[in-house]
Amino acid sequence: MKQDVLVLGIESSCDETAAAVVRNGREVLSNVISSQIAIHTMYGGVVPEIASRKHIEKINQVITEALQTAELTLEQIDAVSVTYGPGLVGALLVGVGEAKAIAYAAGKPLVGVHHIEGHIAANYIEHPDLEPPFLCLVVSGGHTHLVQVQDYNHFEIIGRTHDDAAGEAFDKVARAIGLGYPGGPKIDKLAREGNPHAIEFPRAKIEGSAFDFSFSGVKSAVLNYLNVCEMKGTEVNRADVAASFQQAVVDVLVERAVAAARQLGESRIAVAGGVASNSALRTEMQKGCDAAGLELLYPSPIYCTDNAAMIAVQGYYEYMAGTRSGLDLNAVPNLKIGERVQN
């Protein structure tokens, strides 16, 4: 009889302090998240120093709650997994330091996890039949990648953004039209009231890189449109701007992902990251996949945004593959997908 493997996951890469316990890489026993959105909203975005302080205040609490909710003790945990990059260096250090202390004190293996690989792994939670290989579109505030997931621990980047990430563009446009932070959910909500074809914003193509992205152009086009309206005294329909901008971004994401899946011979596309919860992206991606005969998978919104369950899931597969991190594990704010620096 197979013995269960229980992994404690810790996530603190940006502005969520999170801890979770996952059984056998698929079953979430607890998933506790302490969000700092209300604090950073006052500043129009994440303030790294404040984020780090809040992580220090909350991290023991969320870990304790995660263990209590799972009705487990540290002695029953098989491994401790933690995000060690990419992210804000101060924020990462809080989680890494905590994980090392717990692993040392409890005598448990320590497993460093790549934050974006964790986002990809979130798809395993609610799709029990999902196994590599598959194509994953990762869209978040800091990353936009097309990743071929060749195995649980083997990733190849097929396409990437050359400038702004999709989520970053959402935040900047939201700020420009007065929606504030966090921009993604607010644009998604306002866009439902607007006409996505009211304004024709550009869809950038990268010469010689069929699956790469660029979102600085569409962001600049929105800013230029707003400036022209201001100079002419023209009233701005914010809902139309939000809807038209969102449509431009979504069109590019869907077109690149479907084209990559076809060329690579993949039958499934998974979507991951905070922008994966965007309603327009989900709708248009489903249409694109249906037309191309592809299966579309994505996590529930709670597993799209930063959480520790996804870190525990990827931690499980790293642990089963023999990955172990030493107590000299450090935060790597610019860690690349597929990079392994912790052993």
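The values are calculated or read from the model by the stated rules, or taken from the named source; none is laboratory data. Because the structure is predicted, anything quoted here is derived from the model rather than measured. Virtual Cβ from ideal backbone geometry, glycine too; neighbours counted across all protein chains shown.
Every condition in (1) crowded, with 18+ Cβ neighbours inside 10 Å; (2) touching a His at 6+ places or on another chain (Cβ under 9 Å) holds for residue 216 except the one numbered (1). The set of residues from the stretch 261-278 being of a type in the set (Ser, Thr, Tyr) and modelled with pLDDT of 95 or more comprises just one member, 267. Checked against the criteria, residue 25 counts as in contact (Cβ under 8 Å) with a residue 40 or more places away in the chain and either assigned to a loop (DSSP other than H, G, I, E, B) or on the phi > 0 side of the Ramachandran plot (or both).
I'd like the full set of residues that are part of a loop (DSSP other than H, G, I, E, B) and closer than 17 Å to residue 144 by Cβ, limited to the stretch 202-222. Passing the criteria: 202, 203, 204, 205, 206, 209, 210, 211, 212, 214, 215. Residues of the stretch 52-94 that are surrounded by fewer than 19 Cβ atoms within 10 Å (Cβ to Cβ), touching a residue at least 60 places away in the same chain (Cβ under 8 Å) and out of contact with any Asp or Glu (no Cβ under 9 Å at 6 or more places or on another chain): 72, 74, 76, 89. Among the residues of the stretch 315-330, the one identified as of a type in the set (Asp, Glu) and either in a helix (DSSP H, G or I) or in contact (Cβ under 8 Å) with a residue 60 or more places away in the chain (or both) is 318. Residue 167 passes all but one of (1) surrounded by fewer than 18 Cβ atoms within 10 Å (Cβ to Cβ); (2) assigned by TED's automatic domain parsing to the domain that holds residue 278; which number fails? Result: residue 167 passes all but (1). For the subset of the stretch 283-312 comprising residues that are assigned to a helix (DSSP H, G or I) and under 15 Å from the mean Cα position of the chain (by Cα), which member is nearest to residue 84 (Cα to Cα)? Looking at residues that are assigned to a helix (DSSP H, G or I) and under 15 Å from the mean Cα position of the chain (by Cα), I get 311.
Set side by side, the residues 156, 193 differ, and just one is among the acidic types (Asp, Glu), surrounded by fewer than 19 Cβ atoms within 10 Å (Cβ to Cβ) and either free of Cβ contacts under 8 Å to residues at least 24 places away in the same chain or in a strand (DSSP E or B) (or both), which is 156. Within the stretch 85-105, the presence of a residue that is among the β-branched types (Val, Ile, Thr), closer than 25 Å to residue 27 by Cα and part of a strand (DSSP E or B) is excluded.
A count restricted to the stretch 28-79 and to residues that are part of a helix (DSSP H, G or I), modelled with pLDDT of 90 or more and either under 15 Å from residue 10 (Cβ atoms) or not hydrophobic (A, V, I, L, M, F, W, C) (or both) stands at 22. So which of 207, 168 ends up being in contact with a Gly (Cβ under 8 Å, 6 or more places away or on another chain), modelled with pLDDT under 95 and acidic (Asp, Glu)? Answer to the check: 168.
Looking across the stretch 280-312, just one residue is surrounded by fewer than 23 Cβ atoms within 10 Å (Cβ to Cβ), within 22 Å of residue 66 (Cα to Cα) and aliphatic (A, V, I, L, M), and that is 302. State which residue is farthest from residue 150 (Cα to Cα) when the search covers only the stretch 109-132 and only residues that are part of a loop (DSSP other than H, G, I, E, B) and in contact (Cβ under 8 Å) with a residue 40 or more places away in the chain. It comes out as 109.
Let's see how each residue does on (1) farther than 25 Å from residue 26 by Cα; (2) modelled with pLDDT of 95 or more; (3) of a type in the set (Phe, Trp, Tyr):
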{"site": "253", "(1), (2), (3)": "yes, yes, no"}
{"site": "259", "(1), (2), (3)": "yes, yes, no"}
{"site": "280", "(1), (2), (3)": "yes, yes, no"}
{"site": "292", "(1), (2), (3)": "yes, yes, no"}
{"site": "296", "(1), (2), (3)": "no, yes, no"}
{"site": "303", "(1), (2), (3)": "no, yes, yes"}
{"site": "307", "(1), (2), (3)": "no, yes, no"}
{"site": "313", "(1), (2), (3)": "no, yes, no"}
{"site": "321", "(1), (2), (3)": "no, yes, no"}
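Residue by residue through the stretch 141-153, note down the ones that are outside any loop (DSSP other than H, G, I, E, B), under 20 Å from residue 322 (Cα atoms) and not acidic (Asp, Glu). Selection gives 149, 150. When the residues of the stretch 240-279 are filtered to those that are under 16 Å from the mean Cα position of the chain (by Cα) and assigned to a helix (DSSP H, G or I), which remaining residue is surrounded by the fewest Cβ atoms within 10 Å (Cβ to Cβ)? In this case the residue turns out to be 279.
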